[in-house]
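The values are calculated or read from the model by the stated rules, or taken from the named source; none is laboratory data. These numbers come from a predicted model, not from an experiment. Positions of Cβ are backbone-derived with ideal geometry, glycine not excepted, and every protein chain shown enters the neighbour counts. Quick note on the areas: whole protein, heavy atoms, side chains included, nothing else; ligands and nucleic acids left out. Shrake-Rupley method; radii C 1.70, N 1.55, O 1.52, S 1.80 Å.
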Amino acid sequence: MPTKLTGAQRTQALAGLSGWRDVEGRDAITKAYRFADFNAAFAFMTRAALMAEKMDHHPEWLNVYNRVEVTLSTHDAGGLTELDVKLAAFMDSVATGG
């Protein structure tokens with residue numbers, strides 16, 4: 001089971017992520033992405049879904065047209081873990097064309 005990140009460990013892990021913020025009232029992070037259109041948003045979600053399945057770590061997300069809102073937390077650990085940080089970094093790289 002993944003270990004929950006706390007204190008300096010959490011701060012350091014999140015330092016490399018851009019635009020992610022804490023979710024009020026939860027041990028989770030969130031980010032809203034905007035794309036050119038629905039096709040670009042759906043392509044992002046498809047790539048992210050394939051990686052999430054490979055990691056066996058699935059996001060909470062909402063898609064409306066060109067916008068995708070993502071929340072990450074590891075339910076088994078009761079909060080943020082390295083899995084969330086890795087999936088967030090992957091999503092950022094996909095969103096920027098990486």
All positions within segment 16-49 that are closer than 14 Å to V70 by Cα, open to solvent by less than 50 Å² (accessible area, probe 1.4 Å), of a type in the set (G, A, S) and touching a residue at least 24 places away in the same chain (Cβ under 8 Å): A28, A41, A48
Residue within segment 50-61 that is open to solvent by less than 50 Å² (accessible area, probe 1.4 Å), assigned to a strand (DSSP E or B) and not charged (D, E, K, R) present: no
Subset of segment 71-97 [open to solvent by 10 Å² or more (accessible area, probe 1.4 Å) and out of contact with any helix residue (DSSP H, G or I) (no Cβ under 8 Å at 6 or more places or on another chain)]: T71, H75, D76, A77, G78, A89, D92, S93, T96, G97
In segment 1-49, the residues that are of a type outside the set (A, V, I, L, M), in a helix (DSSP H, G or I) and at pLDDT below 95: G7, Q9, R10, T11, Q12
Residue under evaluation N66, criteria (1) touching an Asp or Glu at 6+ places or on another chain (Cβ under 7 Å); (2) more than 23 Å from T3 (Cα to Cα); (3) open to solvent by 50 Å² or more (accessible area, probe 1.4 Å), criterion not met: (3)
Condition met for A13 (open to solvent by 60 Å² or more (accessible area, probe 1.4 Å) and of a type outside the set (V, I, T)): no
